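Every number here is computed from the coordinates shown, using simple stated rules; none is lab data. Keep in mind the model is a prediction, meaning the values are calculated, not measured. FYI the Cβ positions are ideal-geometry reconstructions off the backbone, even for glycines, and counts take in every protein chain you see.
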Amino acid sequence: MPTLTDSRKTLRLDELSEALRISRQTLVRWTDRGLINADLDWGVSDSNEETRLIEVDQSTLDFLEGFAGEYREDTVSRTEARRLLKLIDRNQVQKLIRQGSIKARKIKGETRVSVGSVEDYLMTLEETE
């Protein structure tokens, strides 16, 4: 049950994405899976273009601001990176690492991919849409 201090805010999804440095794709996935308390909607921008909106309460925004930094610092396996990138071909992840599009490092002999670099790559793709 929301309290009086948990006022809901409607934000443009792309603005929240930029502020948190988390891709829109990830924010939508977290919302769809119920990992964050938010609702998605559509609206019209000042330039009369359709835009994606996200409605969140202040406690969720506070959580996201703290969590986003920790999440970006995490590393994942190449298999998990494929899932985050929604890629099926494992060679594509290796190609992105070689190109420098995403960053990886060896940890205890295993290649681990930086979540922050995956999010940066996704945000770059979203900008070109």
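The table below gives the values:
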| read-out | value |
| --- | --- |
| Environment charge at Trp30 (Cβ cut-off 13 Å; Lys +1, Arg +1, Asp -1, Glu -1) | 0 |
| Max mean-square fluctuation residue, GNM over the chain, Cα-Cα springs under 10 Å, options Arg72, Arg83, Arg52 | Arg83 |
| Of (i) 9.4; (ii) 7.2; (iii) 8.4, the label for mean projected area of the Cα convex hull in nm² derived from the coordinates | (i) |
| 9 Å beta-carbon shell around Asp39, net charge (K/R +1, D/E -1) | -1 |
| Cα long-axis angle, helix 115-128 against the chain (0 to 90 degrees, to the nearest 10) | 70 |
| The chain, helix-only ellipticity at 222 nm - DSSP H runs n ≥ 4, -39,500 (n - 2.57), divided by all residues, nearest 500 | -15000 deg cm²/dmol |
